[in-house]
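The values are calculated or read from the model by the stated rules, or taken from the named source; none is laboratory data. None of these values were measured; they are calculated from a predicted model. Neighbour counts are summed over all protein chains in view; Cβ atoms, including those assigned to glycine, are modelled from backbone coordinates with ideal geometry. Surface accessibility is based on the protein's heavy atoms, side chains included, excluding ligands, DNA and RNA. Shrake-Rupley method; radii C 1.70, N 1.55, O 1.52, S 1.80 Å.
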Amino acid sequence: QVQLVESGGGLVQTGGSLRLSCAASNIFFSRITMGWYRQAPGNQRELVATITSGSSTNYVDFVRGRFTISRDNTKSTMYLQMNSLKPEDTAVYYCNTHPPLNAVWGQGTQVTVSS
C-alpha cells in the first residue's frame, strides 16, 4: 500500500531552521501533486504548502517567504525547508498528496519551536 514517512522534526529556538523529509513508496510519486500539512494541539490539520509534479509551488500566507517546499522525483522524496521558525509553527507536520488521501496519513514529525 501507499506509505508516506516523515522525518526531520525536532526542537529549535525561535528563528531557527529545520528541514523535513517525506519518503514515499508504492505511489506514482513523480506524477502527483504533493503537500505538507500540519496540526497544532487543539487545532484542525491545515495545509502548509503544495508542489506539483512539475515543481510549481504554492504556500499559505503564514509560511510564505519562510518555508520552501521541494521534491526529488528520482528519490520519491519531498522536502520542507523551514527558516525563521516561530513558536506558532509548533505542530506535527505531515505529508500527503494534494488533495490528501485520508487512508495514507503517516505518523508525522513533531516540530517544536521554543520562545
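Output the number of the condition that G65 fails; it satisfies all remaining conditions of (1) at pLDDT 95 or above; (2) open to solvent by 10 Å² or more (accessible area, probe 1.4 Å); (3) on the phi < 0 side of the Ramachandran plot. G65 satisfies all of (1) at pLDDT 95 or above; (2) open to solvent by 10 Å² or more (accessible area, probe 1.4 Å); (3) on the phi < 0 side of the Ramachandran plot except (3). Scanning the range 22-45 for residues that are more than 18 Å from V5 (Cα to Cα) and within 14 Å of the chain's Cα centre (by Cα) yields a single hit, A40.
Table: residues versus (1) surrounded by 15 or more Cβ atoms within 10 Å (Cβ to Cβ); (2) touching a Gly at 6+ places or on another chain (Cβ under 7 Å).
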| position | (1), (2) |
| --- | --- |
| L4 | yes, yes |
| G10 | no, no |
| T14 | no, no |
| L18 | yes, yes |
| F28 | no, no |
| G35 | yes, no |
| A40 | no, no |
| R45 | yes, no |
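If the condition is being over 25 Å from D72 (Cα atoms) and aliphatic (A, V, I, L, M), then the range 35-49 contributes only A40.
Being at pLDDT 95 or above, under 17 Å from S17 (Cβ atoms) and open to solvent by less than 60 Å² (accessible area, probe 1.4 Å) is true of Y79. Can you pull out every residue in the range 1-32 that is of a type in the set (A, V, I, L, M, F, W, C) and in a loop (DSSP other than H, G, I, E, B)? Of everything in the range 1-32, those that are of a type in the set (A, V, I, L, M, F, W, C) and in a loop (DSSP other than H, G, I, E, B) turn out to be V2, I27, F28, I32. Pairs linking a residue in the range 16-29 that is closer than 21 Å to G54 by Cβ to a residue that is of a type in the set (K, R), with Cβ atoms under 9 Å and 6 or more positions apart or on different chains, are C22/R71; A23/K75; F29/R71; F29/K75. Test T57 against the criterion of being open to solvent by 60 Å² or more (accessible area, probe 1.4 Å) and among the hydroxyl-bearing types (S, T, Y), and give yes or no. Spelling it out, T57 is indeed open to solvent by 60 Å² or more (accessible area, probe 1.4 Å) and among the hydroxyl-bearing types (S, T, Y).
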